[in-house]
Structure formats: structure tokens, C-alpha cells
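The values are calculated or read from the model by the stated rules, or taken from the named source; none is laboratory data. Model, not experiment: these values are computed from the prediction. Cβ coordinates were reconstructed from backbone atoms using ideal geometry, including for glycine residues, and neighbour counts include every protein chain displayed. Ligands, DNA and RNA are stripped out before the accessible areas are found, and what is left, the full protein with its side chains, is counted by its heavy atoms. Shrake-Rupley method; radii C 1.70, N 1.55, O 1.52, S 1.80 Å.
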Amino acid sequence: MIIEQMDIAVPHTEMKRIAGALEYLTDPTRLLIGCLSCRLFLGLPEEDMLRVEAHWASMDDLMRYLQSDTYKKFLLLMELGATAPVLKFFTVLEIQGFDLVREARNPSDQLKCL
């Protein structure tokens, strides 16, 4: 899985307009092949910031998206920020759930299973 985080610092006077445009683009992004989720967060990581976070099933899915017209519109919106946007991609190699919590809280149970 690949996680994409896009942070845009937005002037207070433009927050509603830019957030609306980003939300307009997240809806069709969710429908793309390989998109596991795409969400807009207001006020993250700081009050004057907007964050778009998308999760992709594979690098191929992400690359296809980065070449799309929809992503070109995201790039144009990034330029409206008050400062340079921050864009990060995280490659997740392993996902764990409650099994990790059980292992951490009851390490002796793991020995019993061996």
C-alpha cells in the first residue's frame, strides 16, 4: 500500500474556496481503480492547513493516478497555497491490527503457540 499526503497552507480568506475545490476532486479520485481511500482534512497538521490523504493499493495504481487529468488539477490547486506545498509518499510493507496488540500485551501467549 502507498499513502500519499499533500499538505497545503492556505490563506484564511481562501480556505473555503480551496477546500471546496479539493473536496470536488477527492470524490472522483475515490472511484479510481486501486484507490483504497481519499480524504480531505481541514486544519491538519496546523489550523491554516489542508491535507489530502490517499491510500493506493499498488505503485502502479498510484503512477496511473499521478499521470491523470485529475491529479493535474490537484497540482494546480497546490500552487494556490501561501507557501510551497508538502507532498509525501509512504510505502507500507506490512499492516497489522489487534494481533500486534495481543503480542505486545501477552508475549507469553506467543510462546505457547510455538
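List of remarks:
- Residue satisfying condition, being open to solvent by less than 70 Å² (accessible area, probe 1.4 Å), aromatic (F, W, Y) and at negative phi, within set F89, F74, F98: F74
- Verdict on L50 being open to solvent by less than 40 Å² (accessible area, probe 1.4 Å), without any contact (Cβ under 8 Å) to a residue 60 or more places away in the chain and farther than 20 Å from I95 by Cβ: yes
- Considering only residues in the stretch 53-71 that are among the charged types (D, E, K, R) and in a helix (DSSP H, G or I), the one that is surrounded by the most Cβ atoms within 10 Å (Cβ to Cβ) turns out to be D61.
- Condition broken by G20, with the remaining ones in (1) among the small types (G, A, S); (2) surrounded by 13 or more Cβ atoms within 10 Å (Cβ to Cβ); (3) not in a strand (DSSP E or B) satisfied: (2)
- When residues of the stretch 32-47 are limited to those that are in a loop (DSSP other than H, G, I, E, B) and of a type in the set (D, E, K, R), the one most open to solvent (accessible area, probe 1.4 Å): E47
- Remark: pairs (first residue in the stretch 61-84, at pLDDT 95 or above; second residue open to solvent by 80 Å² or more (accessible area, probe 1.4 Å); Cβ separation under 7 Å; 6+ apart in sequence or on different chains) = D61/I33.
- Annotation note: Cβ proximity below 7 Å between a residue of the stretch 22-43 that is within 14 Å of Y71 (Cβ to Cβ) and a residue that is open to solvent by 60 Å² or more (accessible area, probe 1.4 Å) and charged (D, E, K, R) (sequence gap 6+ or interchain) occurs for L25/K73; T26/R39; C38/R30.
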